[in-house]
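Written below as structure tokens is the structure these notes are about.
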Amino acid sequence: MITIGGQNYSFDDPRVLAALAGCAVIALILILLVLSLRAAGRSARMAAPLAQQMGMLGQRVQSLNDGQQQLAGGLTHVAEAQSASQANMLQLMEQRLAHVTQQMNENLHGSARRTAHSLGELQQRLQSIDKAQENITKLSGDVLSLQDILSNKQTRGAFGEIQLKDIVSKAMPSDSYTWQATLSNGKRADCLIHLPNPPGPIVIDSKFPLEAYEALRRAETPEQLTRAAQQLRQSVRGHIRAISEKYILDGETADGALMFLPSEAVYAELHANFPELVREGFAARVWIVSPTTCMATLNTMRAILKDARMREQAGAIRRELGLLFGDVERLGVRVENLDRHFGQAAKDIAEIKISSDKAGRRARRLDNFDFEELAPEPEAAVVPLVQPKPDAP
């Protein structure tokens, strides 16, 4: 890169290369001219040809000078055109750069807005996740509390009793059951349903063998599964036997009792994989019920209670029906009397109408008489319609 007259020229430019080639040719001519002058001193005989050659060289040099001037003019024109082109290119580049900058700013602004919106949504989701985490933590605590409750026999019985209370209170009248009723053998029943004889009061027990079922559910190996199943059979058999011995009393309770399982899973497990336990319960007159089947059983008991109470009130109902029949008979007699009175009144009205018609006809005949041609009758001959009353003394 060289600078001539305030213009920058690159050696890669063909025009610069052409100018350099011209300068090299001129320099070569000058060198040849100097060599020729030196040779003139050596050989005088060659002076004339050299002069002629010098003239020719001068002409060529003049031609080269003219070509160089033309080349310089062309280079100047090219430089001016290149400057204008560079200016236009710079202006175009500035415009494109400004457009690109504007687009980048708009894109950055949109990206910032979308990023802020996404961050806001992310914050809301994080808050929801935090709230869900709090609920999960609370639920975990509740599950642990429930596990603690269900792992203790007394608290497990209380849990089953609470669920049983909720079901019984929704299905039965408040005066048809008793909680923690004491029987004649000193045993306390969780719930005693007061059914009429037959079948008589029936006991519902709310305890269940959860430990054996949990062991069965956690069993992983065949040995653990077999051992847990055997433990569940023993626990359920013992519970069925205890209910049968404690709560089925001849002449006091019904000929059967209910074993309430507050878990549908335990109920389904017994019926699916331990049907012999269900059959043993039937044989011992202990009916195993879940929350769903217990509600259906209680609804049947409520229908029995309703029918028994209706039978108890049958005498009163018959008495009230007799009184109602007497009232209906009296009402019939009074309606007949009223109808008879209405008939007599209608007859009297008809007779009154007949008399009215006769009086009207007589009045019309009297209206047609010519009173001017008739002589006045003596006053004694006129029969008064109403006898005059004697004057009071």
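So here's what we get for this one:
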{"quantity": "Options Gln53, Gln95; residue that is out of contact with any His (no Cβ under 8 Å at 6 or more places or on another chain), at pLDDT 80 or above and polar (S, T, N, Q)", "calculated": "Gln95"}
{"quantity": "Residue match in segment 243-252 (condition: farther than 17 Å from Leu164 by Cβ, of a type in the set (A, V, I, L, M) and in a helix (DSSP H, G or I))", "calculated": "no"}
{"quantity": "Enumeration of residues in segment 295-315 that are free of Cβ contacts under 8 Å to residues at least 40 places away in the same chain and under 42 Å from the mean Cα position of the chain (by Cα)", "calculated": "Ala296, Thr297, Thr300, Ala303, Lys306"}
{"quantity": "In segment 291-340, the residues that are of a type in the set (Gly, Ala, Ser), over 16 Å from Pro198 (Cα atoms) and at pLDDT 85 or above", "calculated": "Ala296"}
{"quantity": "Subset of segment 253-286 (residues that are of a type in the set (D, E, K, R) and not in a helix (DSSP H, G or I))", "calculated": "Asp255, Arg285"}
{"quantity": "Filter pass, Asp255 being surrounded by fewer than 17 Cβ atoms within 10 Å (Cβ to Cβ) and closer than 24 Å to Ala284 by Cβ", "calculated": "yes"}
{"quantity": "Boolean, Ala268 is modelled with pLDDT of 85 or more and assigned by TED's automatic domain parsing to the domain that holds Gln163", "calculated": "yes"}
{"quantity": "Qualifying residue in segment 215-236 (condition: buried (at least 19 other Cβ atoms within 10 Å of the Cβ) and touching a residue at least 60 places away in the same chain (Cβ under 8 Å))", "calculated": "no"}
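Residue-by-condition table, conditions (1) in contact with a strand residue (DSSP E or B) (Cβ under 6 Å, 6 or more places away or on another chain); (2) surrounded by 16 or more Cβ atoms within 10 Å (Cβ to Cβ):
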| site | (1), (2) |
| --- | --- |
| Ala181 | yes, yes |
| Gly186 | no, no |
| Cys191 | yes, yes |
| Asn197 | no, no |
| Gly200 | no, yes |
| Asp205 | yes, yes |
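The values are calculated or read from the model by the stated rules, or taken from the named source; none is laboratory data. The model shown is predicted, which means the values in this text are computed figures rather than measured ones. Quick reminder, even Gly has a Cβ in these numbers, built from the backbone with ideal geometry, and neighbours come from all protein chains shown.
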